[in-house]
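A.B. asks: Could you have a look at this structure, given as structure tokens, before my questions?
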Amino acid sequence: MMSAIRTESDGASDLARVYLWLSRHRGQSVALDRGARLELGVPISGARAVIVGVALHPEGVEAPRLGGVVRAISNGSGETPARLVFDGRALAGLSRGEAQSLADELLATINDLVAEDDLVADVA
């Protein structure tokens, strides 16, 4: 049985930067630390939010340990960091605490990847 997971965190980047990073990596598999990879869908953007499907896989394993959607939500002013929200499910075999911890790590990792990415270098 899969358990429903929801977690939120304050982002470090504004909505436009999150959207640019997600758009550049749409449909890709992003290698993460600790032998995992993040599969990203195609982001959908609106006036104050971006949503994208995600799946977290252990390296070499097809079935994800965690899957769902990540939303980046803006408070309306373009300069402030977007709030990140994950809604999804974990595979059977993970305790609720393990799944919640993975979801928290997932948001922190996305936040770090977006903040560390040099978007300007790729534009030139």
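A.B. asks: Scan region 37-51 and give yes if some residue there is open to solvent by 70 Å² or more (accessible area, probe 1.4 Å), under 18 Å from ASP117 (Cα atoms) and either at pLDDT 90 or above or charged (D, E, K, R) (or both), otherwise no.
C.D. replies: Taking every residue of region 37-51 in turn, none turns out to be open to solvent by 70 Å² or more (accessible area, probe 1.4 Å), under 18 Å from ASP117 (Cα atoms) and either at pLDDT 90 or above or charged (D, E, K, R) (or both).
A.B. asks: Would you check which residues across region 66-116 are buried (at least 18 other Cβ atoms within 10 Å of the Cβ), of a type in the set (Gly, Ala, Ser) and touching a Ser or Thr at 6+ places or on another chain (Cβ under 8 Å) and list them?
C.D. replies: Residues satisfying the conditions are SER74, ALA82, ALA90, ALA99, ALA103.
A.B. asks: Within the set of pairs 6+ apart or on separate chains, which have a first residue in region 15-33 that is farther than 15 Å from ALA108 by Cα, a second that is open to solvent by less than 20 Å² (accessible area, probe 1.4 Å) and of a type in the set (S, T, N, Q), and C-beta atoms under 7 Å apart?
C.D. replies: LEU15/SER74
The values are calculated or read from the model by the stated rules, or taken from the named source; none is laboratory data. Since this is a predicted model, take the numbers as computed values, not measurements. Please note: Cβ atoms are built from the backbone with ideal geometry, for glycine as well, and neighbour counts cover all protein chains shown. In case anyone asks, the SASA skips ligands and DNA or RNA and just uses the protein heavy atoms, side chains included. Shrake-Rupley method; radii C 1.70, N 1.55, O 1.52, S 1.80 Å.
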